[in-house]
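Working notes, structure below.
The values are calculated or read from the model by the stated rules, or taken from the named source; none is laboratory data. No experiment lies behind these values; they were computed from the predicted model shown. Reconstructed Cβ throughout: ideal geometry from the backbone, glycine too, with neighbour counts over all protein chains shown.
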Amino acid sequence: MRITFCTDLEKSVLVNNFEKRGWIHVNPEEEWNFYWAGMQTCRNLFGLESGYRMNDNQIINHFPNHHELTRKDLLVKNIKRYRKELERDGNPLAARAPNGKYLYLNFVPVTFVLPADYNMFVEEYRKNPQSTWIMKPCGKSQGAGIFLINKLSKLKRWSRESKTPFNPNLVKETYVISRYIDNPLLIGGKKFDLRLYVLVTSFRPLKAYLFKLGFCRFCTVKYDASMQELDNIFVHLTNVSVQRHGGDYNSMHGGKLSVDNLRLYLEGTRGKTVTDNLFKNITWLIVHSLKAVSYIISNDKHCFECYGYDIIIDNNLKPWLIEVNASPSLTSTTVNDRILKYKLIDNIISVVLPPNGIPE
């Protein structure tokens, strides 16, 4: 039996992988075995209106309600709920320090959803009025619509300006506002974040695989926490889609550094013990973020998903989960990038399909 595939994303790293295995490209209307679909396609396919039923030898690359993990507001809500449940059950994982912070589950910056949690945010802000916060629209990606604030007046102004004169009753877009990690680990004076890939083949029981080849994404401009640089996205946002437009962008290495090289750098500058500890904590953070949604995600055996984890490391070598992406970019900005993403897809197929290649 020849395997048939269809895809909404005409990315070479996908199509080359499929064709190298001798798979046949078909249209979604035809009989397909393997579908690498965009999120909208999955929404339509799993929607009640479609009534589509998958047969035993079909497999698709998203879980029906993956947004419980990948929407910024839902991720935070689910992690908060998970911690509360563990605490209620007296689970030692939910132990707190004397200052009220979680000892083991404190891996997400303090975050509120606006407009719903506005009053709670103001209360938290007043405890520490010197702090900087980062605002992100819940439904956008690639750094769109993000800005930093360090004064309540700026938030009030935003709130006023985002009500449109033509439609004052318009439901405002939901934003999350998080305490900005203002002591990021810098390399060469620049801020970076980690992009790691996590493949989940089942949520109940939880089965997840961490891809070894992640990378760091660097800002093109040196980090500067001063007030006048608050609006400079090239200083604060690591998204390649943002940094590409900076004057100092280097298209050879694309502002990227492999996780292996990060590890070597940290072992050389901070020592092996703390470096190992950091990577242990990163694994821990991934596992608990998945456990936090494992009961809510529709665990469909026809589904698997590769998530893009964005993690920031502060200068105490503590990792913070910033967000989880449902469709991590498969665009290659450099040669190394193409090799890495090609291997990523190849690995995913090898894990989700049995040796004879036919989903069952």
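Any residue at all in region 334-353 that is part of a helix (DSSP H, G or I), farther than 30 Å from K80 by Cα, outside the structural domain of R81 (by TED's automatic domain parsing) and of a type in the set (G, A, S)?
Among the residues of region 334-353, at least one is part of a helix (DSSP H, G or I), farther than 30 Å from K80 by Cα, outside the structural domain of R81 (by TED's automatic domain parsing) and of a type in the set (G, A, S), which makes the answer yes.
Is there a residue being among the aliphatic types (A, V, I, L, M), touching a His at 6+ places or on another chain (Cβ under 8 Å) and not assigned by TED's automatic domain parsing to the domain that holds H302 anywhere in region 65-80?
Looking through region 65-80, none of the residues is among the aliphatic types (A, V, I, L, M), touching a His at 6+ places or on another chain (Cβ under 8 Å) and not assigned by TED's automatic domain parsing to the domain that holds H302.
For region 1-53, which positions are of a type in the set (S, T, Y) and touching a helix residue (DSSP H, G or I) at 6+ places or on another chain (Cβ under 7 Å)?
Correct list: T7, S50, Y52.
For region 203-219, what are the residues that are in a strand (DSSP E or B) and modelled with pLDDT of 95 or more?
Of everything in region 203-219, those that are in a strand (DSSP E or B) and modelled with pLDDT of 95 or more turn out to be F203, L206, K207, A208, Y209, L210.
Residues checked against (1) assigned to a helix (DSSP H, G or I); (2) of a type in the set (A, V, I, L, M, F, W, C); (3) more than 18 Å from D193 (Cβ to Cβ):
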site: L257; (1), (2), (3): no, yes, no
site: L264; (1), (2), (3): yes, yes, yes
site: F279; (1), (2), (3): yes, yes, no
site: I286; (1), (2), (3): yes, yes, no
site: A292; (1), (2), (3): yes, yes, yes
site: S298; (1), (2), (3): no, no, yes
site: K301; (1), (2), (3): no, no, yes
site: L317; (1), (2), (3): no, yes, no
site: L321; (1), (2), (3): no, yes, no
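Can you say whether F63 is buried (at least 17 other Cβ atoms within 10 Å of the Cβ), in a loop (DSSP other than H, G, I, E, B) and under 27 Å from the mean Cα position of the chain (by Cα), as far as the supplied structure shows?
Details: buried (at least 17 other Cβ atoms within 10 Å of the Cβ): yes; in a loop (DSSP other than H, G, I, E, B): yes; under 27 Å from the mean Cα position of the chain (by Cα): yes.
Judged against the criteria, F63 is a match.
Taking only region 256-311 into account, find how many residues are hydroxyl-bearing (S, T, Y) and surrounded by fewer than 18 Cβ atoms within 10 Å (Cβ to Cβ).
The number of residues fulfilling the criteria is 7.
Scan region 121-141 residue by residue and report those that are more than 14 Å from K154 (Cα to Cα), modelled with pLDDT under 85 and either out of contact with any Ser or Thr (no Cβ under 9 Å at 6 or more places or on another chain) or among the hydrophobic types (A, V, I, L, M, F, W, C) (or both).
C138, K140 - these are the residues of region 121-141 that are more than 14 Å from K154 (Cα to Cα), modelled with pLDDT under 85 and either out of contact with any Ser or Thr (no Cβ under 9 Å at 6 or more places or on another chain) or among the hydrophobic types (A, V, I, L, M, F, W, C) (or both).
Keeping to region 94-110, report how many residues are touching a residue at least 40 places away in the same chain (Cβ under 8 Å) and assigned to a helix (DSSP H, G or I).
Of the residues in region 94-110, 0 are touching a residue at least 40 places away in the same chain (Cβ under 8 Å) and assigned to a helix (DSSP H, G or I).
Restricting attention to region 88-138, which residues are among the hydroxyl-bearing types (S, T, Y) and more than 23 Å from Y175 (Cα to Cα)?
Those that are among the hydroxyl-bearing types (S, T, Y) and more than 23 Å from Y175 (Cα to Cα): Y102, Y104.
Quick one: which of I146, I134 is under 26 Å from T283 (Cα atoms), not acidic (D, E) and not assigned by TED's automatic domain parsing to the domain that holds L199?
I134
Just checking, how many residues over region 267-305 are of a type in the set (S, T, N, Q) and more than 27 Å from R71 (Cβ to Cβ)?
Result for region 267-305: 4.
Of the residues in region 29-46, how many are more than 23 Å from Y342 (Cα to Cα) and assigned to a loop (DSSP other than H, G, I, E, B)?
Total satisfying the criteria: 3.
K84 versus (1) of a type in the set (K, R); (2) surrounded by fewer than 15 Cβ atoms within 10 Å (Cβ to Cβ); (3) closer than 23 Å to I348 by Cβ: which is the lone unmet condition?
That leaves (3) as the condition not met.
Give me a count of the residues in region 337-356 that are farther than 16 Å from K301 by Cα and not polar (S, T, N, Q).
11
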